[in-house]
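Visitor: I have a structure here, written as C-alpha cells, and I will follow up with some questions on it.
The values are calculated or read from the model by the stated rules, or taken from the named source; none is laboratory data. Since this is a predicted model, take the numbers as computed values, not measurements. Note: ideal-geometry Cβ built from the backbone for every residue, glycine included; neighbour counts use all protein chains shown.
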Amino acid sequence: MTVRALLGIRRWRHNPLCRPTDRHEAGAALAALLLMLLAAPALGWLCGSLTDDALHKVARAQRAHRHVTEAVVVREPSGASRFAQDPESAVAGDTTRTSVVAAWKAPDGSARQGRVSTASPATAPGDRIRVWTDDRGSPALRPMDTSTARTHAVLAGIGATLLAAGLVETARRLAVWRMMQQRYVRLDRAWAAAGPDWGRTGTGN
C-alpha cells in the first residue's frame, strides 16, 4: 500500500491537480517505507541480540546450578501419564516423557525420592534413569541449551521487526485518515461559502 501510494504521487508530482495534501500523504508514505526497511529490522536485530545475551546468561546459570544424576525407578505413580516436560524439551524434539516415582541422591549425599519425568523407555521398577536436580537435590528442568536460546532469540527478533512494521503502517494510516478528515472539513467550508449563490440566475455575470 505504501509503495503504491508513492508511485501514484510520483506520477502526479507535476500535475496541476496535485494538492498539498497529496504531497503530505506521499511524505508520510516515504517516511513509513524507510522506517519499515531500515528502522524495523534494526530494532528487530537489537531485540534479538539482547534476548540472545539474556538467554545465554540464563543458560549458563542453569548449567552451573543444575546437575544430572542417576535415579532408580521405584514405581509408577497413580494416574501416570505421558506429557511434554517443558518448552525447551519440545524445541529439542524431546516432547514425550513419562512420569515415575524414583529415588536418587542429592549433591550433598542425602537420599531423595519423588515424582520425576523421564524420556527413557525403561521405566519398570528397578530401572535406572537420568534426572536433573538443583543444588538442593530437588527435581529440576533440564538446562537450556545453546540452540534453544538462539532459536528463542531469533523468534524474538522477528517478532519485534513485524511488530515495529505494523505500528509504523498503523501510524501512517492514522495520519492519512486525519489528513482526509481535514480535507473534507475544508471542502465543506468552501461548499458552504459558495452555496448561497449556487444555481442563481446571473450568478457570476
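Visitor: State whether one or more residues within the stretch 130-138 are within 32 Å of the chain's Cα centre (by Cα) and surrounded by fewer than 16 Cβ atoms within 10 Å (Cβ to Cβ).
Guide: yes
Visitor: Among the residues of the stretch 93-127, how many are surrounded by fewer than 14 Cβ atoms within 10 Å (Cβ to Cβ) and part of a strand (DSSP E or B)?
Guide: Here the count works out to 4.
Visitor: Something else about it: Which of the residues spanning the stretch 44-66 are among the acidic types (Asp, Glu) and either touching a residue at least 12 places away in the same chain (Cβ under 8 Å) or touching a strand residue (DSSP E or B) at 6+ places or on another chain (Cβ under 8 Å) (or both)?
Guide: Passing the criteria: only Asp52.
Visitor: I need a count of the residues in the stretch 144-183 that are of a type in the set (Val, Ile, Thr) and under 17 Å from Leu33 (Cα atoms).
Guide: 4
Visitor: Starting from the stretch 128-153, take each residue that is touching a residue at least 60 places away in the same chain (Cβ under 8 Å) and assigned to a loop (DSSP other than H, G, I, E, B) and list its partners that are of a type in the set (Val, Ile, Thr) and surrounded by fewer than 19 Cβ atoms within 10 Å (Cβ to Cβ), counting only C-beta distances under 8 angstrom and pairs at least six apart or across chains.
Guide: Every condition considered, the pairs that remain are Met144/Val58.
Visitor: A follow-up question, please. If you scan the stretch 93-110, which residues turn out to be touching a Ser or Thr at 6+ places or on another chain (Cβ under 9 Å) and at pLDDT 85 or above?
Guide: The answer is Ser99, Val100, Ala102, Trp104, Lys105, Ala106, Pro107.
Visitor: Please count how many residues of the stretch 63-92 are at pLDDT 90 or above, farther than 18 Å from Arg128 by Cα and part of a strand (DSSP E or B).
Guide: The number of residues fulfilling the criteria is 1.
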